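Only one structure is covered here, and it is reproduced in the block below.
The values are calculated or read from the model by the stated rules, or taken from the named source; none is laboratory data. For clarity, every value in this text was computed on a predicted model and none was experimentally measured. Ideal geometry is used to build each Cβ from the backbone, glycine not excepted, and the neighbour counts take in all protein chains shown. When the accessible area is computed, the model is the full protein with side chains, heavy atoms only, and any ligands, DNA or RNA have been set aside. Shrake-Rupley method; radii C 1.70, N 1.55, O 1.52, S 1.80 Å.
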Amino acid sequence: MVFDSLSKIGGQPQMLYPFKKILDIPAHQEITGAQLTSELTNGLINKITIHLNTKVTDLEQNDNGFIVNNNVGVKTIIIATGNGAFKPRQFPIKTTAEENQRIHYFIDDPQKFANQTIGIFGGGDSALDWALELGNLVKIELIHRRDNFRGLESSVEQIKQLSSAKILTPYLPKSLSLMDNKIEVELKKLGGNESIIRSFDHIIVAYGFKADNRFVKKWDIELHDNRIAVQSEMKTNVPGIYAIGDVVTYPGRVPIIGVGFGEAQIAITSIMRNLFPQKSLTIHSTSL
Ligand SMILES: Cc1cc2nc3c(=O)[nH]c(=O)nc-3n(C[C@H](O)[C@H](O)[C@H](O)COP(=O)(O)OP(=O)(O)OC[C@H]3O[C@@H](n4cnc5c(N)ncnc54)[C@H](O)[C@@H]3O)c2cc1C
């Protein structure tokens with residue numbers, strides 16, 4: 001049974017960078033976040049139950065294992081919450097419901113912006129990835145409060161080469177209004193009094209996400225720097241609770257997808273050995 005607080009499964013690759021080409025998934029020269037999610041999901045549907053829009057908040061221990069959110073009984077838990085249930089950092093201006101329809105935090109289909117002008121706010125990798133992805137399709141303006149971007153310098157250089165892209169720095173959004181079916185944003189230049197007005201069909205806010213895993217503390221799980229400390233076999237300090245993926249920490253861990261895949265294999269093998277100690281477990285799929 002899988003529980004996810006979001007409306008889709010796929011975690012960061014699906015929600016934060018569905019169109020970015022990932023180059024470090026073994027056996028794929030390149031694969032986008034959305035394709036990876038789809039390939040991982042194929043074959044799982046009908047075999048497992050997926051509870052979407054379900055943030056796990058409560059865990060109680062009983063003689064048979066655990067009760068999740070006061071209603072589902074399970075024997076063993078694997079926590080794979082990444083950086084935690086993530087919520088986008090909001091655009092810093094109060095907006096109406098009508099304006100909100102043009103302000104986006106997640107994008108699932110860039111084609112719907114075809115022939116439009118899009119303002120992208122942010123300076124990290126997500127903002128740069130969206131600027132590159134959309135800059136090949138539509139007119140974009142990338143607005144950041146500093147002259148230097150936190151994201152990859154090479155991405156900034158590629159954006160500069162796009163004839164459809166404009167970079168505006170150092171600007172902060174000051175006010176916003178709907179005008180003639182466009183969203184008009186007043187941008188204030190930092191370190192001066194100058195303001196400019198830019199007009200967009202839609203805006204994308206890539207100010208990062210608020211997330212934390214502190215909620216596991218109430219289940220007596222040990223954290224190091226906000227991440228779950230695991231022992232060998234991906235065990236937490238609480239028997240029956242394992243943790244894998246970016247939520248865990250141990251010396252030398254690298255926060256990439258391939259590492260999480262390996263950790264899942266380790267945790268599942270350990271769980272199966274605990275559940276069926278009398279069996280000699282097959283490790284390779286070919287001997288199943
Ligand atoms: C912009 C960007 C680019 C990246 N590029 C690459 C790359 O090229 N190659 C690479 O290998 N890695 C890349 N990464 C890192 C990679 O995305 C992460 O290592 C990977 O997603 C971690 O997987 P995870 O399953 O541990 O966590 P996540 O992908 O964060 O998934 C965690 C899931 O748990 C859910 N969740 C959290 N808390 C709860 C709760 N309490 N109840 C229910 N559900 C909950 C979340 O909704 C989410 O779906 C990139 C990351 C970013 C941000």
Looking at Ile25, Ile45, which one is out of contact with any Ser or Thr (no Cβ under 6 Å at 6 or more places or on another chain), among the aliphatic types (A, V, I, L, M) and either in the same structural domain as His104 (by TED's automatic domain parsing) or open to solvent by 90 Å² or more (accessible area, probe 1.4 Å) (or both)?
Ile45
Quick one: would you say Pro251 is surrounded by fewer than 12 Cβ atoms within 10 Å (Cβ to Cβ), under 23 Å from Gly84 (Cα atoms) and either at pLDDT 95 or above or in the same structural domain as Ile67 (by TED's automatic domain parsing) (or both)?
yes
Would you be able to tell me the number of residues in the stretch 205-218 that are open to solvent by 30 Å² or more (accessible area, probe 1.4 Å) and touching a Leu at 6+ places or on another chain (Cβ under 9 Å)?
4
Which residue out of Ala127, Ala131, Ala114 is among the small types (Gly, Ala, Ser) and open to solvent by 20 Å² or more (accessible area, probe 1.4 Å)?
Ala114
Unique match (being on the phi < 0 side of the Ramachandran plot and assigned by TED's automatic domain parsing to the domain that holds Thr57) among Ile221, Ile197, Ile159
Ile221
Can you report the number of residues in the stretch 57-79 which are more than 23 Å from Gln231 (Cα to Cα) and in contact with a Phe, Trp or Tyr (Cβ under 6 Å, 6 or more places away or on another chain)?
0
Given (1) open to solvent by less than 70 Å² (accessible area, probe 1.4 Å); (2) touching a residue at least 24 places away in the same chain (Cβ under 8 Å); (3) not assigned by TED's automatic domain parsing to the domain that holds His104, where does Ala229 come up short, assuming only one miss?
(2)
With the requirement that a residue be closer than 26 Å to Phe276 by Cβ, open to solvent by 100 Å² or more (accessible area, probe 1.4 Å) and either within 16 Å of the ligand (Cβ to nearest atom) or of a type in the set (Lys, Arg) (or both), what does the stretch 48-97 give you?
Glu60, Lys75
Would you say Ser154 is of a type in the set (Ser, Thr, Tyr), surrounded by fewer than 15 Cβ atoms within 10 Å (Cβ to Cβ) and within 16 Å of the ligand (Cβ to nearest atom)?
yes
Counting only residues that are within 15 Å of the ligand (Cβ to nearest atom) and of a type in the set (Ser, Thr, Tyr), give me the strands (runs of 3 or more DSSP E) lying completely in the stretch 188-258 with at least 1 of them.
241-243
